[in-house]
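The block underneath contains the structure these notes are about, expressed in structure tokens.
The values are calculated or read from the model by the stated rules, or taken from the named source; none is laboratory data. This one's a predicted model, so the numbers in the text were calculated from it and none came from an experiment. Don't worry about glycine lacking a Cβ; one is built from the backbone with ideal geometry, like all the others, and counts go over all protein chains shown.
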Amino acid sequence: MKKDLIFLGIETSCDETAASIIKKSKKGDIKILSNIISSQDQVHKKYGGIVPELAARAHTEKIEKIIKKAISESGLSLNQITGISSTAGPGLLVCLMVGMTAGKTISKFLNKPFYGINHLEGHALTIGLIKKMDFPYLLLLISGGHTQFLSIDGLGKYKRLGTTIDDALGETFDKTAKILGIEFPGGPKIESFAKKGNHNVYNLPKPILYRSGCNLSFAGLKTAVLQTSRKIKTQQDKYNLAASFQYTINEILKVKCKIAFKMFLDKHDKIKNKNFVISGGVASNISIRQNLKKISSEFDFNTHYPPVSLCTDNAAMIAWAGLLNYEAGKKANIKLLSQPRWPLDKKAPFMKGPGLVL
Ligand code: KG4
Ligand code: ZN
């Protein structure tokens, strides 16, 4: 007999301490009962990036309070939950360990199943919290640590079509922001600077645009931003550089998405509903959203975005992935250790560093 499924999710892979309770009723209705996120922007902003030890300390200080808040806001008691899931990786080891230890402790104490979840699987499946999404679909994951095109073929069946060979897109936004004197995390501020600038002022490079399939590269673009920034004098110059940067990103994504669409359709030649899901923090950027929507419609793909609160790191996506794994009868894995490196597609080759042949 079917029963209500309720999962507690915990996320501490980077600089957000988060906990959430998700319920899937026996009728199939899905509800986010609570979604608590505590960001560490204030802790890291003076360093221009995340300092792992400080992040881990902040997680340790807050984790208990955040979990308690998620439970009390859900209106449920802890013993009503079906299972617990924590992000097991990829991420900063010292940070992952905080959420994993908390999740495993609750699991042991309550004698409920525990699932260590891949953070990228969380981003990949988030859309299912909002709407019914049949497999397979094409995913573009654009976050602070990852930039990948993936064919999401089923639960646990993820095929990487392309990836960045150097910096992630969010990281590129943050580094550009730092160059322009904007505090970490600068992505959203670059977007607001870009609105006030002229994108035709600076001509920036688009590395490996017509090479290496839908793999991407942003390191050369970041270097060009640094060199150009040495010539700028006024605030308007900064706005123009931000606009030119964001415009260049959109041009790169346009070409790479077209290649990814083709690769996805070659793999799924009989597919009827072509769905393109964009997830991760950078998917909050309105200009990128509009650009991707336009390209998708040219190729008959329907575009889907989780709401901004579920695009950036959160624990609802981890609870959801845990619940789906449990529902599918996958084995609980309390013995799993934190996995700082954990590719979603294990068969895909490692694509970073010198010596790559593209
Ligand atoms: O998914 P996320 O919250 O964390 C990771 O898993 O990395 O993504 C954070 C990244 C940061 O690099 C941040 O600057 C970027 O997403 N970001 C944006 C915007 N909002 C967040 N980048 C560009 N435009 C935005 N509006
Ligand atoms: Zn993320």
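For this structure, a couple of remarks:
- Test: residue in region 207-222 that is under 23 Å from Ile50 (Cα atoms), in a helix (DSSP H, G or I) and within 19 Å of the chain's Cα centre (by Cα): no
- In summary, helices (runs of 4 or more DSSP H) completely within region 246-352 and bearing 2 or more residues that are small (Gly, Ala, Ser) occur at 286-298, 316-327.
- Any hit, region 192-214, residues being within 10 Å of ligand 1 (Cβ to nearest atom) and either more than 23 Å from Lys330 (Cβ to Cβ) or surrounded by 20 or more Cβ atoms within 10 Å (Cβ to Cβ) (or both): yes
- Qualifying residue in region 289-304 (condition: within 16 Å of ligand 2 (Cβ to nearest atom) and surrounded by 15 or more Cβ atoms within 10 Å (Cβ to Cβ)): no
So that you can scan it fast, the table gives a plain yes or no per residue for (1) within 16 Å of ligand 1 (Cβ to nearest atom); (2) closer than 30 Å to Ser229 by Cα; (3) of a type in the set (Gly, Ala, Ser); (4) assigned to a helix (DSSP H, G or I):
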residue: Met97; (1), (2), (3), (4): no, no, no, yes
residue: Ile106; (1), (2), (3), (4): no, no, no, yes
residue: Ile117; (1), (2), (3), (4): yes, no, no, no
residue: Gly122; (1), (2), (3), (4): yes, no, yes, yes
residue: Gly145; (1), (2), (3), (4): yes, yes, yes, no
residue: Ile152; (1), (2), (3), (4): no, no, no, no
residue: Asp174; (1), (2), (3), (4): yes, yes, no, yes
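- Only one of Lys178, Lys189 that is farther than 15 Å from Glu121 by Cα, basic (Lys, Arg), free of Cβ contacts under 8 Å to residues at least 24 places away in the same chain and more than 16 Å from ligand 2 (Cβ to nearest atom): Lys189
- Test for Gly116: is it among the small types (Gly, Ala, Ser), on the phi > 0 side of the Ramachandran plot, touching a helix residue (DSSP H, G or I) at 6+ places or on another chain (Cβ under 9 Å) and crowded, with 19+ Cβ neighbours inside 10 Å: no
- Checklist (1) within 16 Å of ligand 2 (Cβ to nearest atom); (2) at pLDDT 95 or above; (3) part of a helix (DSSP H, G or I); (4) not polar (S, T, N, Q) applied to Ile10, failing item: (3)
- The set of residues in region 153-166 being closer than 17 Å to Ile117 by Cα and within 16 Å of ligand 2 (Cβ to nearest atom) consists of Tyr158 alone.
- Applying the condition of being within 16 Å of ligand 2 (Cβ to nearest atom) and farther than 18 Å from Arg160 by Cα to region 229-287 and asking which residue is surrounded by the fewest Cβ atoms within 10 Å (Cβ to Cβ) yields Ser284.
- Residue check for Val357: at pLDDT below 95, surrounded by fewer than 20 Cβ atoms within 10 Å (Cβ to Cβ) and within 16 Å of ligand 2 (Cβ to nearest atom): no
- Only a single criterion out of (1) in a helix (DSSP H, G or I); (2) within 16 Å of ligand 2 (Cβ to nearest atom); (3) closer than 23 Å to Leu324 by Cα is not satisfied by Ala55, namely (3).
- The listed residue being modelled with pLDDT of 95 or more and either within 16 Å of ligand 2 (Cβ to nearest atom) or outside the structural domain of Leu93 (by TED's automatic domain parsing) (or both), out of Ser25, Ser20: Ser20
- The conditions of being surrounded by fewer than 15 Cβ atoms within 10 Å (Cβ to Cβ), in the same structural domain as Leu323 (by TED's automatic domain parsing) and in contact (Cβ under 8 Å) with a residue 40 or more places away in the chain are not met by Asp15.
Residues checked against (1) outside the structural domain of Ile152 (by TED's automatic domain parsing); (2) hydrophobic (A, V, I, L, M, F, W, C); (3) in contact with a helix residue (DSSP H, G or I) (Cβ under 8 Å, 6 or more places away or on another chain):
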| position | (1), (2), (3) |
| --- | --- |
| Ile286 | no, yes, yes |
| Gln290 | no, no, no |
| Ala315 | yes, yes, yes |
| Ile334 | yes, yes, yes |
| Arg341 | yes, no, no |
| Lys347 | yes, no, no |
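- Of all residue pairs spaced 6 or more apart or on separate chains, those with beta-carbon atoms under 6 Å, a first member in region 136-152 that is modelled with pLDDT under 95 and a second member that is within 16 Å of ligand 1 (Cβ to nearest atom) and not in a strand (DSSP E or B) are Ser143/Gly170; Ser143/Gly280; Ser143/Gly281; Gly144/Gly170; Gly144/Glu171; Gly144/Gly281; Gly145/Ala168; His146/Ala168.
- Qualifying positions in region 234-293 - within 12 Å of ligand 1 (Cβ to nearest atom) and β-branched (Val, Ile, Thr): Ile249, Ile278, Val282, Ile286, Ile288
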